[in-house]
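Presented below is the structure to which this report refers.
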Number of protein chains: 2
Amino acid sequence: MNEYAIIVAGGSGSRMQTETPKQFLELQGKPVLMHTLEVFMSYASHLKLVLVLPEASIPVWQDLCKMHSFHHPIHVVSGGKSRYQSVKNGLMQLPQEDSLVAIHDGVRPLVTRGIIAESFATAKAYGSAIAATPLKESIVEVAGDSARSIDRTRFRSIQTPQTFKTLLIREAYEQIDERHALTDDASVAEKFGLTIRLIAGSYENIKITTPEDLLLAESIMGTKKIRRS
Amino acid sequence: MNEYAIIVAGGSGSRMQTETPKQFLELQGKPVLMHTLEVFMSYASHLKLVLVLPEASIPVWQDLCKMHSFHHPIHVVSGGKSRYQSVKNGLMQLPQEDSLVAIHDGVRPLVTRGIIAESFATAKAYGSAIAATPLKESIVEVAGDSARSIDRTRFRSIQTPQTFKTLLIREAYEQIDERHALTDDASVAEKFGLTIRLIAGSYENIKITTPEDLLLAESIMGTKKIRRS
């Protein structure tokens, strides 16, 4: 069964208080997005990669690839106005065949090969596999001016990869309107009637959306190098 | 109206894979707990501080105070077997008077004077004030082997300080059994019938429970110093 990964890198950089979109910010001397792609490439040589970028960022990305001698057969697709549209554009590039597709945020470079492998294996068996972690902090549900305590053990914080049988998630994106999607692919799949299956993500698999996240990623990567040597 | 703060530092250090309890780990050359206490002391000189420590940690703390020339009028109380018991021990030290008390985790050194001030002001007006932030990640609710998407905008992740009118929270802790408490003071207050009022916490107000958290705190503090200069 063919395996694909759609890496979604649609950020404009506004939350980072910087001109550079966050997927292009440097992490240990290399754009965040290159780290992310490299983890997927290291998972399996047969994996086919689709990278979704905002139209305006494509030339910037091409320059960065030259600068960093990053030459890999990655299919680049231009994104839409929202994450939903960008993922949909990516999905429409895939052949209509019985395959698997992992959808992953370009700004999560600390995903591991282990998580990716588990994700494909679970999606193959059950149709979907969503990386998730227990909640670290207590949560409350807001009700007007006050709030109500909630047992956090009932909930999971969800990450990417979110992996599916390609034909199912393609059809879900064709049939489920953007207005019915929450923030991620799991909600589109669920609205379409698919069962959402969770796998263990990792607290280190952070999404880089603030300057502090970038510092944390640097720290985690530093720690990892020390551990490996 | 008198203002108190109970700083709860009950950790044994097991999650940090280290012998040193996490509240004593060094952050920029000083134990995490000292940073936390200093933010509260900088908020107002009239604030009265109660520090709850595990019995076995009290001599260690006294040595650290000597080593770092940290001499402040802080009332040290020995903790209980759980966070619930430790907070209760702290509350029982406070006089039976119409005052306010902020309960705060010893391992959240990045709280700000602004959050503390807002917390006391809101608790004075409404009886309670719980620092909270919007959820950064999507969440799902677990149901057996599968999961259900949830609209995360309905929820908040909660932090400390959790500030209350002293007489109310004391009575809540006297009447509400530990088995009915979830993980924090807000849940005890709520079970007792108090209305939970939220204030804006901060994503930087992290709880230091893993080695990565300590690195992140170092990074945030480094960034702050640069910003200030």
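In region B:93-124, which residue that is part of a loop (DSSP other than H, G, I, E, B) and more than 22 Å from B:SER78 (Cα to Cα) is nearest to the chain's Cα centre (by Cα)? Ranking the qualifying residues of region B:93-124, first place goes to B:VAL111.
Scanning region B:166-187 for residues that are facing chain A (nearest Cβ under 7 Å) and closer than 15 Å to B:GLY90 by Cα yields a total of 1. When every residue of region A:192-213 is checked against the conditions, none turns out to be part of a helix (DSSP H, G or I), surrounded by fewer than 23 Cβ atoms within 10 Å (Cβ to Cβ) and in contact with a strand residue (DSSP E or B) (Cβ under 9 Å, 6 or more places away or on another chain).
Evaluated against (1) surrounded by fewer than 23 Cβ atoms within 10 Å (Cβ to Cβ); (2) of a type in the set (Val, Ile, Thr); (3) within 9 Å of chain A (Cβ to nearest Cβ), B:VAL140 falls short on exactly one condition, (1). If you go through region A:125-152 and keep only what is part of a helix (DSSP H, G or I) and at pLDDT 90 or above, you end up with A:ALA125, A:TYR126. Residue count for region B:56-86 satisfying the condition of being in contact (Cβ under 8 Å) with a residue 24 or more places away in the chain, among the small types (Gly, Ala, Ser) and not in a loop (DSSP other than H, G, I, E, B): 3.
Please verify whether region B:188-204 includes one or more residues that are more than 9 Å from every other protein chain (Cβ to nearest Cβ) and over 24 Å from B:THR122 (Cβ atoms). Checked region B:188-204: no residue is more than 9 Å from every other protein chain (Cβ to nearest Cβ) and over 24 Å from B:THR122 (Cβ atoms).
Where residues in region B:151-165 are among the β-branched types (Val, Ile, Thr) and more than 7 Å from chain A (Cβ to nearest Cβ), which of them is nearest to A:SER157 (Cα to Cα)? If we take residues in region B:151-165 being among the β-branched types (Val, Ile, Thr) and more than 7 Å from chain A (Cβ to nearest Cβ), then B:THR153 is nearest to A:SER157 (Cα to Cα). Within region A:35-67, being among the β-branched types (Val, Ile, Thr) and modelled with pLDDT of 95 or more holds for A:THR36, A:VAL39, A:VAL50, A:VAL52.
The values are calculated or read from the model by the stated rules, or taken from the named source; none is laboratory data. Keep in mind it's a predicted model, so treat the numbers as computed, not measured. All Cβ positions, even for glycine, are placed from backbone atoms using ideal geometry, and neighbour counts span all protein chains on display.
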